[in-house]
Amino acid sequence: MPTAELPAVPGVLSARDCRLTAETIAATQESDGALPWFTGGHTDPWDHIENAMALTVGGLWDQARDAYRWSAKTQRSDGSWPMQFRAGVIENADSDTNFCAYIATGMLHFLTSTGDSEFAREMWPTVRAATDFVLSLQQGRFGEIHWSLGAEGSSGEALLTGCSSIFHSLRCALALAEQMDDPQPSWEVAALRLGHALRDHPEAFLDKSRYSMDWYYPILGGAIRGRRGYDRITSRWPDFVIPTLGIRCVSDQPWVTGAETCELVLALDALGDQRRARQLFINMQHLRDPDGSYWTGLVFTDGKRWPEERTTWTGGAMLLAADALSRSTPGNGIFRDLLPGVRNSGCCCECAAGLYPGPS
């Protein structure tokens, strides 16, 4: 099993700086393995996994295993998780499909980073059940996936950002299935349908175009790459990018956020645009606290940090971006590398029933 190699971005952050950030995330970990937003805050299944990935990048592999085992312990019999916990108590029992899918991304990242195939096999039933749950909510003409399931049933709506993240998680699940010698051909069909929707049918999703995540997530998730990806980034760069500070969370609000900035860094890195990726990474460092944690965002019209929280997942996104830029750990390409389930064929909806079979 390899030993941890910590990322460092020359002229920006040292390996020790990155380790400090990982340690601030680990310091919030609860006794059952949960990784909340901050000490005393709530835990959601997606940001919990993002933090586990950051612990892996930071060389804190035992703490990362504890986090993944928390996911296994708290998974429900249908493969889902509640949206929100606090100190071990469920605060929101509904399920978010994107939250549930992300375990596949985390586990492929952990396996690639550490080589710990024994742990990956331990976690494989959790990943498989979660993926099956998510795909039970794949609906619609184009293969979009409803974003939530509650006591009254499915939301009946799909989100572009969430489905882009699910698409990436499906690719990771397919790669894990291959590693586990447990092929899942139905997952590949599902990924093809979802990728088709993301590339060619924006009408399948609720309009959230005010949010920067809807701008870059189809690239980050791998559904759109190449020239089309560059054109997408160029088209709204002035709407979201604030020079020297990072990117807006919402196009019409004077608020830059560290996590979204680092996710755009990852998307640009996936496009091969390291120059702009590195500059954005530098720009968001004004959110770094001396202890290595990161403030969530800044209202740039009055220079005030808001909310007044140092969120674990902001530091987590920073560590993943640092690793991608520096090519340090074996898992640094988790958002860059194209994996199974990616085909960038053109739309052909008249024959979609044959190419992308789904529920009638």
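Computed from the coordinates by the stated procedures, all read-outs in this text should not be read as laboratory data. Worth saying up front: this structure is predicted, and the values here are computed from it rather than measured. Here the Cβ is made from the backbone with ideal geometry for all residues, glycine too, and neighbour counts use every protein chain on show.
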Which residue, 46, 60, 334, has the largest displacement toward the positive end of the dipole of segment 15-355 when charges sit on each Cβ (Lys, Arg +1; Asp, Glu -1)? 334
Under 5 Å between amide H atoms, partner at least 5 residues away or on a different chain: which partners does residue 255 have, H built in plane at 1.01 Å? 249, 250, 300
I need the per residue convex hull volume for segment 245-330, using only the alpha carbons, in cubic angstrom as a whole number. 92
Counting only residues 5 or more apart in sequence or on a different chain, those whose built amide H sits under 5 Å from that of residue 84 are 91, 92
Using θ = phi - 60° and the Karplus form 6.51 cos²θ - 1.76 cosθ + 1.60, what ³J(HN,Hα) does each residue of segment 228-242 get, whole Hz, x for Gly and Pro? 4, x, 4, 5, 5, 5, 4, 4, 10, 3, x, 6, 10, 8, 10
So which residue, out of 115, 79, 156, gets the largest mean-square fluctuation from a GNM of the chain using Cα contacts under 10 Å as springs? 156
What list of ³J(HN,Hα) values in whole Hz, one per residue of segment 50-61 in order, does the Karplus curve 6.51 cos²θ - 1.76 cosθ + 1.60 (θ = phi - 60°) give from phi, with Gly and Pro shown as x? 4, 5, 4, 5, 5, 4, 4, 4, x, x, 9, 5
Which of 133, 319, 104 sits farthest toward the positive end of the charge dipole of segment 15-355, with +1 on the Cβ of Lys and Arg and -1 on the Cβ of Asp and Glu? 319
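Quick check: net charge around residue 163, other residues with Cβ under 15 Å of its Cβ, Lys/Arg +1 and Asp/Glu -1? Before the final figure, lay out the partial values.
Working: positive: 141, 171, 193, 199, 208; negative: 96, 144, 157, 200, 203, 207, 214.
Local net charge: -2.
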How big is the chain in terms of Cα radius of gyration and Dmax, in angstroms? 19.0, 57
Relative to the Cα centre, what is the charge dipole magnitude of the chain, using +1 at the beta carbon of each Lys and Arg, -1 at the beta carbon of each Asp and Glu, and rounding to the nearest 20 debye? 960
Karplus 3J(HN,Hα) series, Hz, for segment 279-286 with 6.51 cos²θ - 1.76 cosθ + 1.60 (x for Gly, Pro): 5, 5, 4, 4, 4, 7, 5, 5
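Explain nothing, just the number: dipole magnitude of segment 69-188 about its Cα centre with +1 on each Lys and Arg Cβ and -1 on each Asp and Glu Cβ, in debye rounded to the nearest 20. Show your work: numbers first, answer last.
Values: 8 positive and 15 negative charges, 38 e Å.
It works out to roughly 180 debye.
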Measure of compaction for segment 213-273 (Cα Rg per 2.2 N^0.38 Å): 1.03
Order by neighbour count: 146, 48, 286, 196, fewest other Cβ atoms within 10 Å first, most last. 286, 146, 196, 48
